[in-house]
Structure formats: structure tokens, C-alpha cells
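The next block holds one structure in the form of C-alpha cells; read it before the comments.
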Amino acid sequence: MRPWVHAGTLNAVRPRVHLNVVGDFYVEDRCCTQCGVPFSEAPALFGGEDEDQCFVARQPETPEELAAMFRALEAADLRCIRYAGKDDSILHRLRATGNADVCDH
């Protein structure tokens, strides 16, 4: 078992890119392929366009920004954008849209 997988949980808690801001949405370390999706779907929320690894530069604060984060999360190639929070409305939306696999809980 990988060291970041917690026994008894459906999804793994993943290592985060060290440049992610503190918050519930993050990009998993060593997962990004620079597909460009975060920068096209939510450019105000992501950084690292000119680097080897993208990261969450700012957490969504408005309904519009949350919608942009969902678009990026749903369209990203390798499911590297993850959600570690416990907000019931966000968890429900992720489950309802078939994206429960990006939740750490």
C-alpha cells in the first residue's frame, strides 16, 4: 500500500504539489501532464502554466469560480485536480456528476 493511502478509505489521500495554496482543492504531486485544461477552464485559479506542474493558485470563492473549478476538474486528463474538503454540497455535486473518484473522503 502506498504511504498516503489510508486503510479503510475508498479514495486515497494524495501528496500535494507544494505550490498549491492551502484549501480543499489541490493538484496531486507528480500527476500533471500540462494538458492545459486548468488554464483554459479556470485560469484565475491555477498557476504553473510555464512550469512542469500546475497547481491551485487560488481557491474558488464565488459560485462562478466554483463552476470554473468543476469544469477544470471534470475535463482534466488524469484526474490530478482533487477535492479534500467535506462540504456536503460539493461532495454531492461531485458524486452526482460521476466525479466521486477525485474526493479524498
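A few remarks follow.
- Under a 5 Å amide H cut-off, with hydrogens placed 1.01 Å from N, CYS103 pairs with TYR83 among residues at least 5 apart or on other chains.
- For the range 35-51, putting each phi into the Karplus relation 6.51 cos²θ - 1.76 cosθ + 1.60 with θ = phi - 60° gives couplings of 5, x, 4, x, 6, 8, 8, 8, x, 6, 9, 10, x, x, 4, 9, 10 Hz, in residue order, rounded to whole numbers and with x for Gly and Pro.
- Stokes-Einstein diffusion for the range 37-80 at 37 °C, viscosity 0.692 mPa s, with a Kirkwood radius from C-alpha pairs, works out to 318 µm²/s.
- Sparse-neighbourhood loop sites, GluC sites (Glu not before Pro) in the range 12-80 - DSSP loop, at most 16 other Cβ within 10 angstrom: GLU49, GLU51, GLU61
- Order of ILE90, ILE81 under a 10 Å beta carbon neighbour criterion, fewest first: ILE90, ILE81
- The chain: radius of gyration over Cα atoms, expressed as a fraction of 2.2 N^0.38 Å: 1.00
All of the numbers you see were taken from the coordinates with simple rules; none came from a lab. Every value quoted in this text rests on a predicted model; they were computed, and no experiment measured them. A quick note on method: Cβ atoms are made from the backbone with ideal geometry, for glycine too, and the neighbour counts reach across all protein chains shown.
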